[in-house]
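Heads up, the thing below is written out as structure tokens.
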Amino acid sequence: MKTKMSMKMFRLLLCAATSLLLPAWSAHANVYATNIKLNGSLQTISDPGAAPVTVTYILNQTATLGCTVNIWQGTNHVATLSGGTNVGLNTVIWGGTNSSGTVGAGTYSLTITASALDLSGGTSNWTQISVDGSNTAAVYPLGLDVDKNTNSPYYGRVVVGNAFDGTVYGVAQKVGLYKANADGSPADEGAFGYGGYTTNDSGNVATNEMSEFGDIYHNYLLPGIIRIGGDDRIYFVDTSSTGSVVATDILATTNQIVITEGMGDPNATPFPIPPSAYSNNPSCYSNNPEIGYLNVGGIGWGQFDVAGFETGHPALYLDDTGDYPSAGVWMYHLTNGAADPADNMGTQAVETTNDFQTINGLIIEVTGGGLQVDNNLDLFVGEVRDGATDPFNRVFDFTNWNGGVLPPEGANTNFTLPDVGFPKWLVGSDSFGLTAINDTVINSRVNPTLVAVASDGGASYTNADDTMTNYVGGISILNVSDGSLLVTNLDFVDNYPSAAFDGAGNLYGCSPSTNYWRAWSPPGANTNTTTAVAQIFIAPTGITIGSIGVVSTGPGTSTLTLNFTVPGNPPLLTLSVLGSPTLNGTYTPVAGASITGSGGSYQATFPASATGFFKIEETQ
């Protein structure tokens, strides 16, 4: 009787990658695993012979109700391991086994599920889970975001932008981007990065960091607002002149100009960047039909969002942060990582005309309070209003813009409010809790349930006689369904220019008044599951493919020469070549195949069509 002992399969001239279908998991709350590595690698590893695999991961807080590591092969559950529960680094070993013993060849994935008690003590309060210290220190941070891309090995990474050189809490830092794991520990490749972006939008040059100051008239700082796109790049705004958006890779080693104003500042003396510097840069908005090129001194772009990567229609949204009246919100299609050269006019998504725009009794003005866009093209927009008794609204939900379909380039460059649709809700008139909004973010682009707004703390002209009074800062949280306030001015004594949610529901903010970034967990017990991007490939034992030679013999045909080794020095009669036109088809002996060799080293030669699946089989 012949028994199959081992085999090795390969495919000629066509490679395919398949996604594993894993169980659907609900992300309910705040404790979760990130930075998952297999044998120290963020990438898929090859594990011959099912040797033990070291799994490491970082928890953003203590998993007080436990942590489990589950091994899968496709949708089939293989093994469950008890994982570490400490905040920070945890390690578990998988021995390449299941309940029946050593697992066979194949590709294995893993998920990590962590659970925690309600940290709020049964109250409705959000609880700070970050620790103020050297790991969360930042020198005048103006922007931050958290990587929410579940298909990225950097899922959970926190990126904070520092606008000044300096030393805080004994930590010396530069101008640029600081990258941290979810527990606050520095990124493996190093915390600091500047993407090689040493010359800012006003032409100021720095060395081995970003430029600290803008032009001599404004001294605007960078990096400002930060967004991590669905393409796993870090986007930030440079407001040193009119406003550029720049992107770096997630490691912050390279940069790309996403969009510029196209002219620099025409009012500065001397002119900081001549127009010729932009002549070969297609990513500009110099042809904006409403205001032409966008110059400083009344109109500038300091707020933005990048969205649509998940739907295959990436776009950049710019929000006017200049003086009133506002130019509103403009959308630009993204191509090859930058604003499409054919789309330098842009498309207006939200239009406002003056300080007293009233539609059906609703006061509409959107200027510089941040924005984020979900996959349904709902635009959540903030408004900068310093006065607590100011009658204008502060936060808007413009729902289902253009029917949820991104307009094509040049489809309509003059949207008016009736075209855009009235806000689903707008809130904040005469609100002490929603003053001086700097940033507006949502907790999910797929199905948002919360809106957070980050606010300054300082002084405001709120009284009829323009006497100065203080207002609070902090971060407020609203309900997406109706805009109702759920949390008012979290950490209210501090200035927060930026906020962000992570993929598990935690809220983050950075504060120049404290020189820290902080994270808060929502109330309630919580559970969250993370699927590791890296997988474990266990190769078949026995036959090892060495090299493959291909010689074309005509259109669509070729002769293959395959060198391989087999332990145990089996005789030639026990080896054969089988083929099939499909991966899971019926394999039959390949006509005309010959195998030569001895002493464990062999060579198979056989004719083949341009595409096919083949395997070497040993029988006895």
Once phi is turned into ³J(HN,Hα) by the Karplus curve 6.51 cos²θ - 1.76 cosθ + 1.60 with θ = phi - 60°, what whole-Hz value does each residue of the stretch 179-192 show in order, with x for glycine and proline? 10, 9, 6, 5, 8, x, 5, x, 4, 4, 7, x, 6, 8
If the cut-off is 13 Å between C-alpha atoms, which aspartates and glutamates fall inside it for Lys424, apart from same-chain ones fewer than 8 positions away? Asp378, Asp397, Asp482
Once amide H atoms are built 1.01 Å from N in the peptide plane, which residues 5 or more positions from Asp201, or in another chain, come under 5 Å H to H? Ser240, Ser241
Amide H to amide H under 5 Å from Tyr108: which residues, 5+ apart in sequence or cross-chain, H placed 1.01 Å off N in plane? Ile536, Phe537, Ile538
Given a Förster radius of 25 Å and the C-beta distance between Asn151 and Glu189 as r, what FRET efficiency does 1/(1 + (r/R0)^6) yield to the nearest 0.05? 0.80
Taking the Cα centre of each part, how many Å lie between the stretch 566-581 and the stretch 173-215? 57
For the stretch 110-227: Kirkwood Rh in Å [reciprocal of mean 1/r, alpha carbons]: 16.1
On full extension of the chain, what length is gained from Asn208 through Ser82, given 0.36 nm per residue of separation minus the C-alpha to C-alpha distance? 40.9 nm
Round to the nearest 0.05 the FRET efficiency obtained for Asn584 and Ser444 when R0 = 41 Å and r is the Cβ-Cβ distance. 0.65
Extension gain Leu65-Asp249, at 0.36 nm per residue separation less the Cα-Cα distance, in nm? 62.6 nm
Across the stretch 394-403, in residue order, what do the Karplus-derived ³J(HN,Hα) couplings come to in whole Hz, using 6.51 cos²θ - 1.76 cosθ + 1.60 with θ = phi - 60° and x for Gly and Pro? 10, 9, 10, 10, 8, 8, 6, 4, 6, x
Calculated FRET value between Asn125 and Lys424, using beta carbons and R₀ = 30 Å, to 0.05: 0.60
Grab the alpha carbons of the stretch 545-619, take their convex hull, and tell me the volume per residue in Å³. 89
Give me a comma-separated list of calculated 3J(HN,Hα) values for the stretch 524-533, in order, Karplus coefficients 6.51, -1.76, 1.60 applied at θ = phi - 60°, integers in Hz, x for any Gly or Pro. x, 5, 8, 9, 8, 10, 10, 8, 5, 6
Approximate shape of the stretch 21-117 as ellipsoid semi-axes (Cα gyration tensor, √5λ), whole Å, largest first: 23, 15, 12
Amide H neighbours of Ser513 at under 5 Å, excluding residues fewer than 5 places away on the same chain, with H built from the backbone geometry, are Asn495
Taking 0.36 nm per intervening residue step and subtracting the Cα-Cα distance, what contour gain separates Thr619 from Thr56 on full extension? 198.7 nm
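We did not get these values from a lab; they are worked out from the coordinates using the rules stated. None of the values given here were measured: they were computed from a predicted structure. Backbone-built Cβ (ideal geometry, glycine too); neighbour counts: all protein chains shown.
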